[in-house]
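The values are calculated or read from the model by the stated rules, or taken from the named source; none is laboratory data. What you see is a predicted model, and the numbers here were worked out from it, not measured in a lab. Quick reminder, even Gly has a Cβ in these numbers, built from the backbone with ideal geometry, and neighbours come from all protein chains shown. SASA here: full protein model, heavy atoms, side chains in, ligands and nucleic acids out. Shrake-Rupley method; radii C 1.70, N 1.55, O 1.52, S 1.80 Å.
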Amino acid sequence: MVYYLILTTIPFAIVSAFCIHWYTISGEPSPEKRLEISRGVYLGFSFQVLVFAWLLYQLGHSRFAFPLYAIAFSMIGDWFNLQFPLAKRYMKDPVLGGIFSFAIAQVFFLVAFRQLISWEELFSSARPIIISLIFLILPAVIFYFRVYNPNRSKWVMVSAFLYGILLCFFVSLCVNAYLLYGGVWIYLAIGAGFFLLSDAVMGETTINGTRHPKWEFQVPWITYLIAQCFLIVGFFLVSHTRLIAH
């Protein structure tokens, strides 16, 4: 019972608090000004997610270490993406540091996923292979039509493209696992899907650099927080059920 209270109450509190914050800045039309007044708040939300992951690690077992590492590197990526003055002082484009940090986070998510299920178990038929191929083609299509900007740094463009492939591969694994087993794997599938949505929106706004809607940072952040919470809960529940099954 305590587990379920933690798994539902804390994520609900984090996302609800963000919505309240979003409402308080709704009168500010400039995305740059919104970011300036929200940097500390957003990093605070990221830290709350990290504490949530640490708490589940304490309640869980060694298998949950890699999701915790992923969340930790995600917070580092958040610091870069929020473009704090210190990051801008040492990097021409802090977003590049964010991409690298999130790429490392995705590697940890992949290692954590691999601990739960083998490649042979997951790719036991043609369907999961086809699904993964579709998700690997997806980032190329999105990148070409909505993200690529020849006027931006080639390092940013190449890194964003490669990161998109890595993320979409992880999403495909989560979707395939849910289609194979159902049940609590749905949390990982939903979390990965929201992660893809968050980064897709950020890709066509911040990474592209030419589109700056009013909600440029709020939509990626709310979907990102939802994604992180679902992934944390998903890894915890799947790890628990797999241990019981074995």
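If a residue has to be open to solvent by less than 30 Å² (accessible area, probe 1.4 Å), assigned to a helix (DSSP H, G or I) and more than 18 Å from residue 108 (Cβ to Cβ) to count, how many in the range 180-191 make the cut? Even if it seems obvious, please write down each step before you answer.
The first filter runs over the range 180-191 and keeps only residues open to solvent by less than 30 Å² (accessible area, probe 1.4 Å), leaving 182, 185, 188-189, 191.
In the following step, the residues that additionally are assigned to a helix (DSSP H, G or I) were identified as 185, 188-189, 191.
Adding the requirement that they be more than 18 Å from residue 108 (Cβ to Cβ) leaves 185, 189.
Counting residues in the range 180-191 that are open to solvent by less than 30 Å² (accessible area, probe 1.4 Å), assigned to a helix (DSSP H, G or I) and more than 18 Å from residue 108 (Cβ to Cβ) gives 2.
Which of the following residues is of a type outside the set (Asp, Glu), closer than 24 Å to residue 221 by Cβ and touching a residue at least 24 places away in the same chain (Cβ under 8 Å): 116, 55? Before the answer, list the steps.
Values: 116 fails: closer than 24 Å to residue 221 by Cβ.
After applying the criteria, what remains is 55.
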Starting from residues that are farther than 11 Å from residue 236 by Cα and of a type in the set (Gly, Ala, Ser), keep the ones in the range 63-78 and report whichever is most open to solvent (accessible area, probe 1.4 Å). 72
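Given the criterion open to solvent by 60 Å² or more (accessible area, probe 1.4 Å), touching a residue at least 24 places away in the same chain (Cβ under 8 Å) and under 29 Å from residue 10 (Cβ atoms), identify the matching residue among 194, 170, 235, 217. Full working, then the answer.
Details: 170 fails: open to solvent by 60 Å² or more (accessible area, probe 1.4 Å); 235 fails: open to solvent by 60 Å² or more (accessible area, probe 1.4 Å); 217 fails: open to solvent by 60 Å² or more (accessible area, probe 1.4 Å).
Exactly one of 194, 170, 235, 217 is open to solvent by 60 Å² or more (accessible area, probe 1.4 Å), touching a residue at least 24 places away in the same chain (Cβ under 8 Å) and under 29 Å from residue 10 (Cβ atoms), namely 194.
From 205, 223, which residue is out of contact with any helix residue (DSSP H, G or I) (no Cβ under 6 Å at 6 or more places or on another chain) and part of a helix (DSSP H, G or I)?
On the way: 223 fails: out of contact with any helix residue (DSSP H, G or I) (no Cβ under 6 Å at 6 or more places or on another chain).
Step by step, each of 205, 223 is checked, and only 205 is out of contact with any helix residue (DSSP H, G or I) (no Cβ under 6 Å at 6 or more places or on another chain) and part of a helix (DSSP H, G or I).
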Verdict on residue 110 being closer than 30 Å to residue 209 by Cα, under 17 Å from the mean Cα position of the chain (by Cα) and exposed (fewer than 15 other Cβ atoms within 10 Å of the Cβ): no
Given the structure, is residue 118 surrounded by 14 or more Cβ atoms within 10 Å (Cβ to Cβ), at pLDDT 90 or above, among the hydroxyl-bearing types (Ser, Thr, Tyr) and within 24 Å of residue 228 (Cα to Cα)? no
Taking the range 4-14 and keeping only residues that are modelled with pLDDT of 95 or more and either surrounded by fewer than 16 Cβ atoms within 10 Å (Cβ to Cβ) or of a type in the set (Gly, Ala, Ser) (or both), one is left with 12, 13
Which of the residues that make up the range 141-167 are open to solvent by 40 Å² or more (accessible area, probe 1.4 Å) and part of a helix (DSSP H, G or I)? 141, 142, 144, 145, 146, 154, 155, 158, 161, 162, 165, 166
Of all the residues that make up the range 79-107, how many are open to solvent by less than 50 Å² (accessible area, probe 1.4 Å) and either of a type in the set (Asp, Glu) or over 23 Å from residue 189 (Cα atoms) (or both)? 12
Restricting the first residue to the range 142-160 and requiring it to be within 10 Å of residue 95 (Cβ to Cβ), which pairs with a second residue that is open to solvent by 20 Å² or more (accessible area, probe 1.4 Å) and in a loop (DSSP other than H, G, I, E, B) meet a Cβ separation below 6 Å and a spacing of at least six or different chains? 152/209; 153/93; 156/93
Matching residues in the range 18-38 - criterion: being open to solvent by 40 Å² or more (accessible area, probe 1.4 Å) and either in a helix (DSSP H, G or I) or of a type in the set (Val, Ile, Thr) (or both): 19, 20, 22, 23, 24, 32, 33, 36, 37
In the set 95, 184, 111, 107, which member is touching a Leu at 6+ places or on another chain (Cβ under 6 Å) and at negative phi? 184
Among (1) in a loop (DSSP other than H, G, I, E, B); (2) touching a residue at least 12 places away in the same chain (Cβ under 8 Å); (3) touching a Ser or Thr at 6+ places or on another chain (Cβ under 9 Å); (4) not polar (S, T, N, Q), there is one condition residue 211 misses while meeting the rest; what is its number? (2)
